[in-house]
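Below is one structure, written out as structure tokens; comments come after it.
We did not get these values from a lab; they are worked out from the coordinates using the rules stated. Model, not experiment: these values are computed from the prediction. Neighbour counts are summed over all protein chains in view; Cβ atoms, including those assigned to glycine, are modelled from backbone coordinates with ideal geometry.
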Amino acid sequence: MSKILYISSEAFPLIKTGGLADVAGSLPIALSKQGEEIHLLLPAYPQVMQQVENTQQLASSHYYGLDVSLLETHLPNSDVPLWLVNCPAAFERPGGPYMDSDGQPWHDNALRFALFCQIAVDIALDRLKLGWQPDIVHCNDWQSGLVPALLASFKQRPATLFTIHNLAYQGLFSQQTFTDLELPGNLWQPSRLEFYDQLSFIKGGLVYADRINAVSPTYAREILLPEFGYGLNGLLQHRQARLSGILNGIDQTVWNPATDPHLTANYDSHKLAQKSKNKTALQKQLGLPVDARIPLVGMISRMVEQKGLDIILGAMAEIVNLPIQLVMLGNGETHYEIQLVKWANNHPDKLNVVIGYNEILSHQIEAGSDMFLMPSTFEPCGLNQLYSLRYGTLPIVRNVGGLADTVVDANDLNRKSKTANGFVITEQSAEALLTTLRTALGLYQETAAWKKLQRAAMKGDFSWQRSAGHYIKLYQQALSDRDQAVV
Ligand code: ADP
């Protein structure tokens, strides 16, 4: 058993912008169930404070001239202790964790997350006298990237693991910010935190963590290539011996079609007929023609380039002529939102676009759709294809990252060997997307074959239990690497 400080800038159900929240809300619980002693550290955003109860102040301090206190409560529906970094000047504001209500990054993000890292370092070194010091500090994405860098020079320090959920987001700021944050001067070097004249938070994790992992084995290999490495592939190659991939799990209680409270009809692989009631309800709710025979394709996504919006828009003129309905839920870059809404207004019987973030509707789309579209240009792990598999909603995905690790194309060979569970687009183009979509539509007409694929999809084990076991092994490796590290 180890003591683990798990640091994240978001955690479901308290605050969520993407997959990191799902992981941070599930993995600590799974680790705790396997006997690890884990504390989750999160900023005390207002959305979080509204949902937690019985907070107690454990410590208080000052960082960058700001009052900061550490509060203790529990991650809802679990025994996992949750420590909240309460700094009203940094975190108590409307809008999201990283951006204001207009979608602009907060002007002081560097300061906000630097102080988040500074208190994590103080906890890790037991400077706050909490009576609890971690053996392992598990950092996630750039917001906690400074922690391994700031800990590295201490002889008596916990081991560090840095998990890459998305290498595209790096926390880049000016050299002046580096100075303002009073970071140790020797960290300003290209081999350390400097990245082409900028301060890179993520490099703190990539350069200094005892172990690094990405959230799928394929993504862990892809980021060694210039195509996926965002300029960090050289550094990652250098640290390749310390880099591995662990596939995310899913919260099988939140995402379970047999018990999901948001569905019109619950179902499992033996009661697949019930699934169509959810399709009817979704068609009604969104004002689409109600017809069980029309294949319904769902998509839930941040509307950003990564998610393949360009090839979807490139194929849209053909998609609206196919005998399908397409339902899209998401928000993101305005130019994508505007184009999609325009297409939807011109083809209201074929395409329904809901702009916004809607947890309940996302469950209803997963259950009510026949297929799920996810043509990402890159995908560190991807969660929606996993939810789709569990809901018998066959995913149509690009063969990248975690999508490649979890979706097996329904070609003849894979269907014969009963491994097929979805459809794979082999190239990032509108033509390739349309070809795969047409293949899926063809197979949809073969009811028995389709049911087989649905059952195979629903059988997959993407539980956190399995992934948590891999993390426990990785913690042990991080501890042994730390012991061999030269300070
Ligand atoms: P990423 O982290 O890159 O956004 P993932 O597939 O790993 O992608 O995780 C995205 C998570 O956010 C999923 O749980 C997905 O259902 C959810 N999500 C994304 N956009 C929305 C939305 N508009 N409404 C509800 N849930 C959403």
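Between region 2-45 and region 352-366, how far is it from one alpha carbon centroid to the other, in angstrom?
Comparing the Cα centres of region 2-45 and region 352-366, I get a distance of 24 Å.
Using just the helices of the chain, give the 222 nm mean residue ellipticity in deg cm²/dmol: DSSP H runs with n ≥ 4 each add -39,500 (n - 2.57), and the total is spread over all residues, rounded to 500.
-11000 deg cm²/dmol
When you count, for each residue, the other Cβ atoms within 10 Å and take the mean per peptide, how do 111-124, 241-254, 440-453 rank with the highest first?
By packing density, highest mean first, the sequence is 111-124, 241-254, 440-453.
So what are the ³J(HN,Hα) numbers for region 90-95, from phi and the Karplus equation (6.51, -1.76, 1.60; θ = phi - 60°), rounded to whole Hz, Gly and Pro as x?
After applying 6.51 cos²θ - 1.76 cosθ + 1.60, I find 9, 10, 8, 7, x, x Hz.
Using the Karplus curve 6.51 cos²θ - 1.76 cosθ + 1.60 with θ = phi - 60°, what ³J(HN,Hα) values do you get for each residue of region 251-266, in whole Hz, with x for Gly and Pro?
7, 6, 8, 6, 10, 9, x, 6, 10, 3, x, 8, 8, 6, 9, 7
At a 10 angstrom cut-off on C-beta neighbours, averaged per residue, how do the peptides 333-339, 469-475 rank from highest to lowest?
469-475, 333-339
Straight distance only, please: which lysines reach the Cα of Lys203 with their own Cα at less than 22 Å, same-chain residues fewer than 8 apart left out?
Lys155
Around Lys33, with a cut-off of 15 angstrom between Cβ atoms, what is the net charge of the other residues, counting Lys and Arg +1 and Asp and Glu -1?
In short, -3.
Enumerate the aspartates and glutamates that Lys473 could reach by cross-link, defined here as Cα to Cα under 19 Å, with residues fewer than 8 away along the same chain left out.
Leaving aside aspartates and glutamates fewer than 8 places away in the same chain, those within reach of Lys473 are Glu36, Glu37, Asp135, Asp210, Asp481, Asp483.
Of the lysine pairs in region 272-461, how many meet both conditions: Cα atoms under 17 Å apart, and a spacing of 8 or more in sequence or different chains?
Summing the qualifying lysine pairs gives 16.
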